[in-house]
Amino acid sequence: MRRVPTVLIVEDEPSIAELISVNLRHSGFRPIWAMDAVTAQAELEAALPDVILLDWMLPGESGLTLAKRWRAHSRSKTVPIIMLTARGDEVDRVAGLDAGADDYIAKPFSTKELLARIRAVLRRRAPEQDVSVVTMGKLALDSATYRVTFDEQPIKLGPTEYKLLLYLMTHAERVHSRAQLLDQVWGDHVFIEERTVDVHVKRLREALGESAAAMIETVRGAGYRLTAQSAKTQSTAVA
């Protein structure tokens, strides 16, 4: 059974909290409302939510103070926080983000935008897929042993080519731009030219051999795609 994500709404305005709650329920979330800092702290101690929607201006302690406290605590430091506030100036946005918020949305806001931002922070915080053996036609990759085979024959890959193939195989049939591949394979903190992707794709194709290399398609003006269709087409042509 699919688990329903929980959203803790820390908001002192009942009408705003109710509007958010209704939209969350209709979109497959379970909302919990806390109207002040004391109630919010009690809810957090009872059970960790998947996301916190935190109003800046609250009776008693402010949302900013709560965000700093929750980020400093080992139990709650990884829970995504989206600040909700009427304070939309840049200095306030920076203060909210510096306090530990993952995102910031100014009132009045669109409920569609809020839902999109909730889904975005959940995607960013989702654990990596536990992939053991990935197969695509005759191509197989075992992430537990770092072994790659094609038609049961071993293929030797360098570390970067292995990571590139793993990403392409777990996101097959999609077109990935060079910038996306740089972020996913090399990391968004690494500053290297997009041309580097072409070099490693070339090395990967050479290591895979002619039959398997045909599965990596260059999509002109867009990037690269790993597909089983090219391998099938080539097999049919050879036959």
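The values are calculated or read from the model by the stated rules, or taken from the named source; none is laboratory data. Values in this document were obtained by computation on a predicted structure and should not be read as measured data. Every residue, glycine among them, receives a Cβ derived from its backbone with ideal geometry; neighbour counts consider all protein chains shown.
Pairs linking a residue in region 20-37 that is closer than 16 Å to ASP55 by Cβ to a residue that is of a type in the set (Gly, Ala, Ser), with Cβ atoms under 7 Å and 6 or more positions apart or on different chains, are PRO31/SER21; TRP33/ALA17; TRP33/SER21; ALA34/ALA40; ASP36/GLY60; ALA37/GLY60.
Suppose the filter is touching a helix residue (DSSP H, G or I) at 6+ places or on another chain (Cβ under 8 Å) and over 16 Å from ALA86 (Cβ atoms); does ASP50 pass it? Taking the combined requirement at face value, the residue satisfies it.
Every condition in (1) farther than 16 Å from ALA34 by Cβ; (2) touching a residue at least 60 places away in the same chain (Cβ under 8 Å); (3) not acidic (Asp, Glu) is met by SER74 except one, and the failing one is (2).
Only strands (runs of 3 or more DSSP E) wholly contained in region 121-222 count here; list those with 2 or more residues that are surrounded by fewer than 17 Cβ atoms within 10 Å (Cβ to Cβ) and either at pLDDT 90 or above or basic (Lys, Arg) (or both).
Passing ranges, in order: 147-150, 153-155, 216-219.
Give me a count of the residues in region 16-45 that are in contact with a helix residue (DSSP H, G or I) (Cβ under 8 Å, 6 or more places away or on another chain) and not in a helix (DSSP H, G or I). Give the derivation first.
Let us first name the residues in region 16-45 that are in contact with a helix residue (DSSP H, G or I) (Cβ under 8 Å, 6 or more places away or on another chain), namely 19-20, 23-24, 27, 29-35, 37, 40-41, 44.
Of the ones still in play, those that are also not in a helix (DSSP H, G or I) are 27, 29-35.
Summing the residues that are in contact with a helix residue (DSSP H, G or I) (Cβ under 8 Å, 6 or more places away or on another chain) and not in a helix (DSSP H, G or I) in region 16-45 gives 8.
Within region 69-86, does at least one residue satisfy the condition of being in a helix (DSSP H, G or I) and at pLDDT below 75?
no
Condition check: in a loop (DSSP other than H, G, I, E, B) and assigned by TED's automatic domain parsing to the domain that holds ALA116. Does GLU61 satisfy that?
yes
Every test in (1) of a type outside the set (Phe, Trp, Tyr); (2) in contact with a strand residue (DSSP E or B) (Cβ under 6 Å, 6 or more places away or on another chain); (3) at pLDDT 85 or above is passed by ALA228 save one, and that test is (3).
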